[in-house]
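Inspection log for the structure reproduced underneath, given as structure tokens.
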Amino acid sequence: MQEKHLFEYAVIRVVPRVEREEFLNVGVILFCSAEGFLQTKYTLNEKRLLAFSDAINLQELQERLEAFVKVCAGRRQGGPIGQLGTASRFRWLTANRSTIVQTSAVHPGMCHNAEETLHRLHAQLVL
């Protein structure tokens with residue numbers, strides 16, 4: 001039987017007006033040290049986002065979410081933060097922010113396969 005590994009995840013949220021504290025879940029970021037895994041999966045449902053707030057710049061939002069993907073991937077494409085270790089990149093991505101893209105608190109769990117867990121959480125929390 002395959003052993004379970006500790007993982008941590010946070011939900012990525014769009015917060016169009018920070019002062020109202022209303023948000024829409026758009027993605028998940030998952031880190032599993034044992035598997036050397038750090039990835040983001042997101043879905044932008046444009047119709048839902050624009051119904052939530054017509055002030056959202058979808059192109060800018062897409063660019064911000066792609067920055068999460070690049071930092072997760074590491075290397076030069078992730079800029080200076082992307083060159084940090086995997087755990088440091090996860091902590092940086094999940095730090096508190098007061099911008100249009102924020103993350104939830106970090107939650108722990110146990111998994112057999114981090115990638116499958118990322119897809120499952122994305123389906124449960126975003127779709």
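Can you pull out every residue in segment 99-114 that is out of contact with any strand residue (DSSP E or B) (no Cβ under 7 Å at 6 or more places or on another chain) and either surrounded by 14 or more Cβ atoms within 10 Å (Cβ to Cβ) or at positive phi (or both)? Scanning segment 99-114 gives a single hit, ASN113. Among the residues of segment 15-44, the ones that are modelled with pLDDT under 95 and assigned to a strand (DSSP E or B) come to 1 in all.
So which residues in segment 1-14 are among the acidic types (Asp, Glu) and assigned to a loop (DSSP other than H, G, I, E, B)? Result: GLU3, single match. The single condition among (1) within 23 Å of GLU21 (Cα to Cα); (2) touching a residue at least 24 places away in the same chain (Cβ under 8 Å); (3) not in a loop (DSSP other than H, G, I, E, B) that LEU50 does not meet is (2). Applying a threshold of 9 Å to beta carbon distances and a minimum spacing of six or more residues, or different chains, the list of pairs starting in segment 10-21 at a residue that is on the phi > 0 side of the Ramachandran plot and ending at one that is among the aliphatic types (A, V, I, L, M) reads GLU21/VAL15. Checking PHE23 against (1) touching a Lys or Arg at 6+ places or on another chain (Cβ under 7 Å); (2) under 18 Å from LEU6 (Cβ atoms); (3) among the aromatic types (Phe, Trp, Tyr), only one condition comes out false. Which one? All conditions are met except number (2).
Total residues in segment 7-34 satisfying the condition of being out of contact with any strand residue (DSSP E or B) (no Cβ under 6 Å at 6 or more places or on another chain) and surrounded by fewer than 14 Cβ atoms within 10 Å (Cβ to Cβ): the figure is 6.
The set of residues in segment 69-110 that are basic (Lys, Arg) and either touching a His at 6+ places or on another chain (Cβ under 8 Å) or under 18 Å from VAL26 (Cβ atoms) (or both) comprises LYS70, ARG97.
If the condition is being farther than 23 Å from ASN57 by Cβ, in a helix (DSSP H, G or I) and either in contact with a helix residue (DSSP H, G or I) (Cβ under 6 Å, 6 or more places away or on another chain) or hydrophobic (A, V, I, L, M, F, W, C) (or both), then segment 82-112 contributes GLY82, ALA87, ARG89, PHE90, TRP92. Scanning segment 40-51 turns up no residue that is of a type in the set (Gly, Ala, Ser) and surrounded by 15 or more Cβ atoms within 10 Å (Cβ to Cβ).
The values are calculated or read from the model by the stated rules, or taken from the named source; none is laboratory data. Predicted model only: the values in this text are computed from it and were never measured. Here the Cβ is made from the backbone with ideal geometry for all residues, glycine too, and neighbour counts use every protein chain on show.
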